[in-house]
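Novice: Attaching a single structure in structure tokens format; questions to follow.
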Amino acid sequence: MAKKSFVLDTSVLLYDPSALTGFADNEVVLPFQVIEELDKFKKGSDDIGQHARQVIRFLDRLRAKGRLVDGVPVEETGGTLRVVLGDDLPVHPNLHAGNPDDRIIGVAYRLKEEGVPTIFISKDINARIKSDALGINTQDYEKHKVDFSNIYLGYREMPADRPTIERLRRDKAIDPPADDLYPNEFVILTDPGDPEQTAIGRYDARQKRLVALRFGDKTYQTVSARNPQQQMAIELLMLDSVSFVTLLGPAGTGKTLLAVACGMQKVLAEKKYEKLLVTRPVIPFGQDIGFLPGAKEQKLYHWMQPIFDNLAYILRTKKTGGNGGMDERIQDLIDAGALELEALTYIRGRSIPDQFIIVDEAQNLTPREVKTVVSRVGEDSKLVLTGDPWQIDNPYLDSSSNGLAYAAERMKGEELVGHVMLNKSERSDLASLAAQKL
């Protein structure tokens, strides 16, 4: 089989610096423009800056084997890597030398015109469209992608006769109705003859039994479930045996509210954890918040406003022992050390033990960034990722390649892990109507 030349866009390396060794024994081609763009990103303190530096260091090590413009072998794959200079201008009239993307695409175009089997790889949708229009074999970077149309839901619905449903309610455990259930997967049992007769069970892999819910139908911090998926979410959030939970769903399904309410229950009422830590990407790629005016706390207030809204909803009828308005009550929890709001930018380098950790808007994280967050979790901590894979602000991610969906799909089957896809909006009648009609 003839070897191919894969021309990589900058976006691919910023998304996954290990992409340089991800194309087997083929040739990886880096346009010189990519090196220049990496230089612009390398000083960043975020994940993008780290990825740029990682790629640059890898290229520097390869220099010891020869000149990069001549192509050097890559031991990890058996292939080669070559840097192509941009001295000769793009030959297609629709490509302009002054446009960085066009200079990168131009390298792929010239290789194709020379008869080289060439594939242009980019996370930039617009760059892929332009490249494809020029007749170049163009692909997205597929590593870390999942089939979102068939993503694991965390539950399944199965028919059951009434005696089986009543036995689950009475005995709290029955033999599993299927032999391919994942640990902590839920089953909604429904009597076909009487759809009102239902029961929800969770597969306990240690007992090898389908067990009835212990927490899902209870109220925590004034919040209770309004639909079966929310019951399942509460069950996972309250189970101490589950230390990693992913909650996916569109806006208004209650992901963040349930996570915050259960986290407060675990920290304030049960004293299971020392602190509730809530974080979210301040902007796509987890970049810094230094451009906002004021001290760090003032900056965070703006980015954490959705979290404050959920806290306010929970505290509006709950006495916390604090004085004053809602903001003062929340500040009392922060001052007491029970609650911490932090930008995701500042998570790297920390070890976070004995905390209930919520990462909101996790759909804006890459799989590598999610791995970084999970690796920060210390002993006796619980990590909850929430997000809406249909609302992604990161221009290089989609519903199939974001870190939240990737984690949910790849981590299934582990006893420490639980996942639920929520689908019904409970924010308001108007919000529910908008989710269906707009």
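Novice: How large is the dipole of the chain about the Cα centre if only Lys and Arg carry +1 and Asp and Glu carry -1, each at its Cβ, rounded to the nearest 20 debye?
Specialist: 640
Novice: Let me ask something additional. Which of the residue pairs Lys3/Lys412; Lys3/Lys42; Lys65/Lys112; Lys208/Lys412; Lys218/Lys266; Lys42/Lys371 have a Cα-Cα distance greater than 25 Å in the structure shown?
Specialist: Result: Lys3/Lys412; Lys3/Lys42; Lys65/Lys112 exceed 25 Å.
Novice: What is the set of long-range amide H partners of Val223 at a cut-off below 5 Å, with H atoms built 1.01 Å from backbone N?
Specialist: none
Novice: While we're here: GluC sites (Glu not before Pro), restricted to segment 330-431: which are DSSP loop and have at most 10 other Cβ atoms within 10 Å?
Specialist: Passing sites in segment 330-431 are Glu379.
Novice: May I ask what percent, to the nearest 5, of DSSP beta bridges between residues of the chain are antiparallel?
Specialist: Roughly 25 percent of the DSSP beta bridges within the chain come out antiparallel.
Novice: Could you tell me whether segment 94-133 comes out rounded, prolate or oblate from its Cα gyration tensor? Rule is a ≥ b ≥ c as square roots of the eigenvalues, rounded for a/c under 1.5, then prolate if a/b exceeds b/c, otherwise oblate.
Specialist: oblate
Novice: From the helices alone, meaning DSSP H stretches of at least four residues, give me the mean residue ellipticity at 222 nm for the chain, per-run term -39500 (n - 2.57), in deg cm²/dmol to the nearest 500.
Specialist: -9500 deg cm²/dmol
Novice: Right, something else. Would you mind classifying the chain by shape? Square roots of the alpha carbon gyration tensor eigenvalues, ordered a ≥ b ≥ c; an a/c under 1.5 is rounded, otherwise it is prolate if a/b is larger than b/c and oblate if not.
Specialist: prolate
Novice: Residues with amide H under 5 Å of Gly79's amide H, sequence separation 5 or more or different chain, H placed in the peptide plane at 1.01 Å from N; which?
Specialist: Val74
Novice: Give the value in nm², to one decimal: projected area of the alpha carbon convex hull of segment 5-139, averaged over all directions.
Specialist: 7.7
Novice: Does anyone have the angle between helix 47-62 and the longest principal axis of the chain? Alpha-carbon axes, 0 to 90°, nearest 10?
Specialist: The angle comes out at about 40 degrees.
Novice: Another one. Averaging sequence separations of C-alpha pairs under 8 Å and six or more residues apart, then dividing by the length of segment 1-61, give the relative contact order as a whole percent.
Specialist: Reported relative contact order: 35 percent.
Novice: Would you mind checking the tilt of helix 100-113 against the longest principal axis of the Cα atoms of the chain, expressed as 0 to 90 degrees and rounded to 10?
Specialist: With rounding to tens, the tilt is 60 degrees.
Every number here is computed from the coordinates shown, using simple stated rules; none is lab data. Keep in mind that this is a model prediction, so the values were computed, not measured. Backbone-built Cβ (ideal geometry, glycine too); neighbour counts: all protein chains shown.
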